[in-house]
Amino acid sequence: MTFNWFDRFSDWNPQVFRELKGRLRQRNVILAIVGSLTTQLLVLMYFWSVLPAKRSTEPNTDANDLYTKYNTYCTGKGSYRSFQCLYDAVGNPQVNWQNWWSDLFQTLSWALPCVLLVAGVYLLIGDLGKEERRGTLNFIRLSPQTSQSILLGKLVGVPAISYLAVSLAVPLHLMAAKGASVSIVNTLSVYLLTTAACAFVYSAALLYALMGGFQGWIGAIAIVMGYASFFQVLLVSPDWQMQWFHLSIGHYYDFGLVLALLTLGTGAYWLWQAANRRFRNPNVTLLSKSQSYRMTLCFEIWLLGFVFREMKAYDHPFGYLIALGFFNLLWFAVLLAALTPQRQMLLDWARYRRERVVSAKQFWSRSIVNDLLWGEKSPMLVAIAVNLLIAFAVVLPWMLTWGNASDPLQGFAVILLGATYTLICAAIAQLMMFMKSQKRAIWAAGTIAAVTVLPPFVLGVLQLYPDKAPLAWLFSVGAFSVLQSSISMTTVFTAFLGHLGILSLLSLRLTRQLQRAGASETKALMAASKA
């Protein structure tokens, strides 16, 4: 019976069985159990040590001590975390056990997810790095299992020891929830959020490792810093008033929980899709063009919700548009990295395109537009333009609700110049990725960084501030500093024509490079076939 159960389990996902068999060894299991139980004991000892001490009943004891001693868990008068300690006739303090269990519950609710996230990320990145160094990762790719089955096996099996250690602390966590009178819904929400956060972070760790990042300690440090920052924000502002589409997240716990689960779940889904593509073929782009369109739509709706307000809540919404522009700048930087094809992919596409042109009777029979919109190997300029249109379509209805007639016009100018600036960066990145240098990715990233940072820096050093040289600033990422003040539309239109001119030159340069590369590749293939 036991062997049948193991056979069924291994048939369901052989990768999970392989990972569990390699990690749930006797030594590892004993260490996990001892470490988990010891840590729980230390936590209990700490909380026990901060309870109010028993009052001495000796005759020479000052009776005022009964009313002057304060403690977090006493039951007398006080405020926040300091209350007077009351004692019975034999000197035993009256303890507010509900607060004590509540603090223990909160501590475990933060500590257990942190252990899962940090340990899981470290183990996943380290495991894939070890597989890559040994050469077994390519061997796994050749197995009859699907890529999703293999990656799922990694997610379930690699952090198995951390799962075991944390699961042993669940009874104490449930006991603390009962002692603190925490509802079942709130207790289950901790586990739901932990599961969603692990799915998001583990998928990101897989993608990071498949992209060549095999330093597990970097991922672990990033998780610790992010987790600590988030905890500090909540500690400083426990009653924060963040809203999403005018619904308060801080006041409505259920709504905040649903939004967090949707956010983490959607992010985990797209990270999983990218990791799955990267595992199947390390040479393809992280995202397909169709996936990028859907991702941008999800991201823009999610982002717009945080700046959407009733118009009476603010007089000048231009600042909120600038915040949207900043996060969109980061988002499109991610899209550039995810959609830019490698040099060999562009060469293959250029040769394919040239062969289709030679064999086609009509120019439009090759469906170039369709290929640029959806093709895996085609340049990504058109795809970036479509993503920009999607972002504009989401933001436009919100802009049209602005009360002041001049505000939508300023907002439209920001979006227009921001879009052309993004397309210029995309064209530069695509040209850099077409270089023959082995470090073309570094060249592309460095060039984009220079184009973004250097113009405002140089203008600032030369003391050419936005009010003195508005046109020059409109050709940099600091264009918003000019557009939020009064500026003539003639200057904006001139800057827009300049953007179009630069974009046209870069696009023409890229087109000629692709044409020459396609001709060279075709001639080489024809010569090889004749030989």
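Some values worked out for this structure:
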{"quantity": "Percentage relative contact order, the chain, counting C-alpha pairs under 8 Å, at least six apart", "calculated": "12"}
{"quantity": "Heavy-atom accessible surface of the chain: percent carbon and sulfur, 1.4 Å", "calculated": "67"}
{"quantity": "Ile442 accessible area, 1.4 Å probe, all protein chains in place, Å² to nearest 10", "calculated": "120"}
{"quantity": "HN-Hα J in Hz across the range 378-384 - Karplus 6.51, -1.76, 1.60, θ = phi - 60°, x for Gly and Pro", "calculated": "6, x, 9, 4, 5, 5, 5"}
{"quantity": "Phi to ³J(HN,Hα) by Karplus 6.51 cos²θ - 1.76 cosθ + 1.60 over the range 184-201, Hz, x for Gly, Pro", "calculated": "5, 5, 5, 5, 5, 5, 4, 6, 5, 5, 5, 4, 5, 5, 5, 4, 5, 5"}
{"quantity": "The range 139-202 and the range 76-123: distance between their alpha carbon centers, rounded to Å", "calculated": "24"}
{"quantity": "Estimated FRET transfer efficiency when R0 is 35 angstrom, pair Gln145-Tyr252 (beta carbons, to 0.05)", "calculated": "0.20"}
{"quantity": "Computed [θ] at 222 nm, helices only, for the chain once each DSSP H run of length n ≥ 4 contributes -39500 (n - 2.57)", "calculated": "-24000 deg cm²/dmol"}
{"quantity": "Between 0 and 90°, nearest 10: helix 147-157 axis offset from the chain longest Cα axis", "calculated": "20"}
{"quantity": "FRET efficiency, 1/(1 + (r/R0)^6) with R0 56 Å, evaluated for Val90 and Ala445 via beta carbons", "calculated": "0.20"}
{"quantity": "Unpartnered cysteines - no second Cys beta carbon under 4.7 Å - across the chain", "calculated": "Cys114, Cys198, Cys298, Cys425"}
{"quantity": "Over 23 Å between alpha carbons, listed pairs Lys54/Lys178; Lys21/Lys154; Lys54/Lys77", "calculated": "Lys54/Lys178"}
{"quantity": "Residues of the chain: accessible area per residue with a 1.4 Å probe, Å²", "calculated": "56"}
{"quantity": "For the range 125-273: relative contact order, % (alpha-carbon pairs under 8 angstrom, 6 or more apart)", "calculated": "34"}
{"quantity": "Tyr70-Trp110 FRET efficiency (beta carbon distance; Förster radius 30 Å; 0.05 resolution)", "calculated": "0.70"}
{"quantity": "Structure-derived semi-axes √(5λ) of the Cα gyration tensor in Å - corresponding label in (i) 53, 36, 19; (ii) 39, 33, 25; (iii) 54, 33, 22", "calculated": "(i)"}
{"quantity": "Relative contact order (%) - the range 378-466, alpha-carbon pairs under 8 angstrom, separation at least six", "calculated": "25"}
{"quantity": "Rounded tilt (10° steps) of 289-305 against the dominant C-alpha axis of the chain", "calculated": "50"}
{"quantity": "On Cα atoms only, tilt of 14-23 relative to the major axis of the chain in degrees", "calculated": "50"}
{"quantity": "Using θ = phi - 60° and Karplus 6.51 cos²θ - 1.76 cosθ + 1.60, couplings along the range 218-232 (whole Hz; Gly, Pro as x)", "calculated": "5, x, 5, 5, 4, 5, 4, 5, x, 5, 5, 5, 5, 5, 5"}
{"quantity": "Cut-off under 5 Å, modelled amide H: who pairs with Lys69 long-range", "calculated": "Cys85"}
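The values are calculated or read from the model by the stated rules, or taken from the named source; none is laboratory data. Since the model is a prediction, treat every value here as computed from it, not as a measurement. A quick note on method: Cβ atoms are made from the backbone with ideal geometry, for glycine too, and the neighbour counts reach across all protein chains shown. Heavy atoms of the whole protein, side chains included, go into the accessibility calculation; ligands, DNA and RNA do not. Shrake-Rupley method; radii C 1.70, N 1.55, O 1.52, S 1.80 Å.
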